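Novice: First, the structure itself, so that you have it in front of you.
The values are calculated or read from the model by the stated rules, or taken from the named source; none is laboratory data. None of these values were measured; they are calculated from a predicted model. Cβ sites come from the backbone with ideal geometry, for glycine too, and all protein chains shown count toward neighbours.
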């Protein structure tokens with residue numbers, strides 16, 4: 001005989017089941033309502049902490065430049081005062097000589113030369129006149145030379161002041177950047193349950209970058225700079241890379257050939273490779289738990305000399321992007337340019353492009 005439960009008992013069982021289900025949902029809801037911070041949020045915070053460290057270094061560098069400029073400006077001012085004193089001593093004398101010629105006070109020399117009684121008197125008068133003219137010329141030349149130095153001194157002082165103004169602006173800009181980044185970090189960390197852990201990760205990342213990462217990046221840039229100095233000779237030795245059609249020269253460097261060349265130069269490039277794509281150069285590698293990625297482009301420059309210069313558009317260390325200040329500092333410290341006149345002295349670069357795994361440089365004759 002089937003068991004028939006009273007309606008009241010069924011309602012009680014149903015209510016109890018519903019309560020258990022609701023309690024289970026309450027346990028689950030906090031997880032749904034407060035998701036753990038996304039990994040990309042943590043990545044952004046860590047990246048900002050790295051930027052703060054690097055921009056702080058840029059501020060120190062700018063402050064050092066400012067101190068050097070102030071010393072140079074002070075030295076220029078001292079030299080200018082000395083030059084002004086020297087020119088003051090000669091100014092009256094030069095003015096007297098000019099007035100003498102203007103007022104005709106030197107006319108007696110010409111009269112004396114035309115009224116001589118003997119050849120010996122004429123020769124003696126010529127010597128006397130030559131002495132006076134030479135002395136006058138020397139005095140005027142000295143005055144003009146000192147005057148030019150004073151004018152150059154003023155120009156140097158003006159240049160120093162302009163440089164100092166620009167440095168002050170850079171300093172202000174970088175300080176504002178650091179303050180804004182620090183403000184953003186504090187706002188984003190506020191109220192986070194993992195704030196302490198993130199602060200520890202930031203400290204570990206910046207410490208690792210400062211103690212090992214930057215040295216690793218600089219080592220790559222240093223060895224790349226050395227290799228680029230040997231690249232023209234390598235192109236000369238590998239004639240298949242150079243095409244000549246009339247007066248048009250084209251250098252084609254496949255990325256595989258370039259990577260082979262670099263690995264022949266230094267074993268550090270065994271863990272590093274170049275790619276050419278869409279007018280971009282991408283170089284990346286990993287060694288000793290440090291992964292580096294550099295992306296950039298080439299431009300043709302003619303000042304101070306014709307060459308193909310490399311510009312760093314992106315620098316990643318273990319996936320974290322470094323700020324523009326770090327990229328610019330590396331560009332200034334290491335020359336990764338390519339200079340065609342080291343292949344043939346009468347050649348200059350006209351264009352450069354990267355596509356389909358190949359670097360193509362078009363050259364023409366210097367006119």
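Novice: What about residue 71, is it touching a helix residue (DSSP H, G or I) at 6+ places or on another chain (Cβ under 9 Å) and either at pLDDT below 60 or loosely packed, with under 12 Cβ neighbours inside 10 Å (or both)?
Specialist: For residue 71, the condition - touching a helix residue (DSSP H, G or I) at 6+ places or on another chain (Cβ under 9 Å) and either at pLDDT below 60 or loosely packed, with under 12 Cβ neighbours inside 10 Å (or both) - is not met.
Novice: For residue 209, only one of the following conditions fails: (1) out of contact with any strand residue (DSSP E or B) (no Cβ under 8 Å at 6 or more places or on another chain); (2) closer than 30 Å to residue 267 by Cβ; (3) not assigned by TED's automatic domain parsing to the domain that holds residue 326. What is its number?
Specialist: Only one criterion in (1) out of contact with any strand residue (DSSP E or B) (no Cβ under 8 Å at 6 or more places or on another chain); (2) closer than 30 Å to residue 267 by Cβ; (3) not assigned by TED's automatic domain parsing to the domain that holds residue 326 is unmet by residue 209, namely (1).
Novice: Can you find a residue that is assigned to a helix (DSSP H, G or I), touching a residue at least 60 places away in the same chain (Cβ under 8 Å), more than 16 Å from residue 53 (Cβ to Cβ) and in contact with a helix residue (DSSP H, G or I) (Cβ under 9 Å, 6 or more places away or on another chain) anywhere in the stretch 202-221?
Specialist: yes
Novice: Which condition number in (1) surrounded by fewer than 16 Cβ atoms within 10 Å (Cβ to Cβ); (2) over 14 Å from residue 217 (Cα atoms) is the one that residue 342 fails?
Specialist: Here residue 342 clears every test but (1).
Novice: Here is a list: 162, 196. Which entry is at pLDDT below 95, closer than 30 Å to residue 76 by Cβ and part of a helix (DSSP H, G or I)?
Specialist: None of the other options fit; the residue is 162.
A quick yes/no check of all residues on (1) within 25 Å of residue 63 (Cα to Cα); (2) surrounded by 17 or more Cβ atoms within 10 Å (Cβ to Cβ); (3) without any contact (Cβ under 8 Å) to a residue 40 or more places away in the chain:
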| position | (1), (2), (3) |
| --- | --- |
| 189 | no, no, no |
| 194 | no, no, no |
| 200 | no, no, yes |
| 231 | no, yes, no |
| 238 | no, no, yes |
| 249 | no, yes, no |
| 260 | no, no, yes |
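Novice: Please verify whether residue 139 is in a helix (DSSP H, G or I) and modelled with pLDDT under 75, treating the condition exactly as stated.
Specialist: Answer is yes for this residue.
Novice: A follow-up question, please. Residue 36: within 32 Å of the chain's Cα centre (by Cα) and either in the same structural domain as residue 320 (by TED's automatic domain parsing) or at pLDDT below 90 (or both), yes or no?
Specialist: No: the conditions fail for residue 36.
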